[in-house]
1. Among the residues of the stretch 25-70, which ones are more than 16 Å from the ligand (Cβ to nearest atom), small (Gly, Ala, Ser) and either more than 26 Å from GLU14 (Cα to Cα) or in contact with a helix residue (DSSP H, G or I) (Cβ under 6 Å, 6 or more places away or on another chain) (or both)?
2. Picking from ILE315, ILE333, ILE308, which residue would you name as being in contact (Cβ under 8 Å) with a residue 60 or more places away in the chain and not in a loop (DSSP other than H, G, I, E, B)?
3. Quick check on my filter: what residues within the stretch 320-335 are modelled with pLDDT of 95 or more and surrounded by fewer than 19 Cβ atoms within 10 Å (Cβ to Cβ)?
4. Can you tell me which residue among LEU160, LEU125 is in contact (Cβ under 8 Å) with a residue 60 or more places away in the chain and among the aliphatic types (A, V, I, L, M)?
5. Given the residues ASP179, ASP251, ASP169, ASP243, which is the only one that is within 16 Å of the ligand (Cβ to nearest atom) and either in the same structural domain as VAL134 (by TED's automatic domain parsing) or out of contact with any strand residue (DSSP E or B) (no Cβ under 7 Å at 6 or more places or on another chain) (or both)?
6. Which fully enclosed helices (runs of 4 or more DSSP H) of the stretch 87-194 have 2 or more residues being open to solvent by 40 Å² or more (accessible area, probe 1.4 Å) and of a type in the set (Val, Ile, Thr)?
Amino acid sequence: MQLPNQGSSFGVREIACPACGHHVAVDFFDGGDQALATIAWPATRQATRAMPRLPLDFVRCVECGHVYNAAFDYAAVPYSDKPNLMFNRGMIWKGFIGQIIDKIAARLDLRAEMFEPARHLPELLPDIVISRHVLEHLMNPLGFLQTLSFVAACHDQRPLAYFEVPCIDRAIETRRTVDFYYEHSSQFTTESFTRMLARSAVMVEELGHGYQGEVVYALVRLGHASSQVAHATTAAAFRTAADRSRETIIDQIASLHRSGRPVAFWGGTGKSAAFMQRCGVDAERFPIVVDSDPAKVGTFVPGTGQEIRFRDWLIEHPVAVVVVPPQWRAGDIAAEMAAHGITAHSVLIEHDGRLVDYHRDPLPYRCSP
Ligand SMILES: [Zn+2]
């Protein structure tokens, strides 16, 4: 593809950005294949030469500017064997760390504990969560932050959090390539870092740079996710109600079978097939399935196996009960039955967790067009 204003070509990739989730990236830096640069330090020259070479295929997100290694595989980095040691004794670097410690210490009484969001946020009620030079090593830092903030919101917590990562704004400006090695698979710009925070349901209280712009950091409040908690609460309620309704309907269907009255199901595919499979409407107890669509006649219900007959079969073989799984079509089907002289003692549809009588019970589906 050609860039219109510069005439240079670039490769477009469809990959999810670790910082903002956008799905379009372009080629950024091909570093060839290299051995791990910081995690592994072999004891012998022979071992050095035997180290596997890993691909440095850096791309750039067109939405937020984040730079990341499209070929990165977390399993290739043995964090469990070797620590990622960071040299923290340089004078200028020490000065920067000192400033950050003062900044954080001024806000809290520190308590050191092992920390896992889902377990420890509710247990420890932390004043602050600190993550320094970690996010750029994760496959999915956006997912981590979103989870952290969501868990905090679920427990009605708003802890402070400090995140700090290397910033490559200057590397890009000055065409510096040494930043791009395998362990740093994901490289933040100020914009990609900011964009990630914006999508993580946090309230940014302070965003800044340190060490002459080589790092970017933010102090944020976690847990600004009340709408997410509302969605999760609704999901849990739906799930509970769906389980309960399935049990109720299975009972109702079993008693229909026990009554010995002939029953037909109207509709053989899509929503009807989903209903029959979920509620165990087997072909042995309930062999009769009809459909309004002649194109489906002679085929079989997916998963349960009844042969689908045309609806007019019911004129000569009347049934006592017609079950209509697709509620939203119940009005049309009732009209169709009346128009073609198909009668049944009752027409049942699923509503609010149970089968109800379409003609006799109060329903939202019984309306005119
Ligand atoms: Zn992005």
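The values are calculated or read from the model by the stated rules, or taken from the named source; none is laboratory data. These figures come from a predicted structure and were not determined experimentally. Note: ideal-geometry Cβ built from the backbone for every residue, glycine included; neighbour counts use all protein chains shown. Heavy atoms of the whole protein, side chains included, go into the accessibility calculation; ligands, DNA and RNA do not. Shrake-Rupley method; radii C 1.70, N 1.55, O 1.52, S 1.80 Å.
1. Passing the criteria: ALA35, ALA37, ALA40, ALA43, ALA47, ALA50.
2. ILE333
3. ALA320, VAL321
4. Criteria check complete, one pass: LEU160.
5. ASP169
6. 91-105
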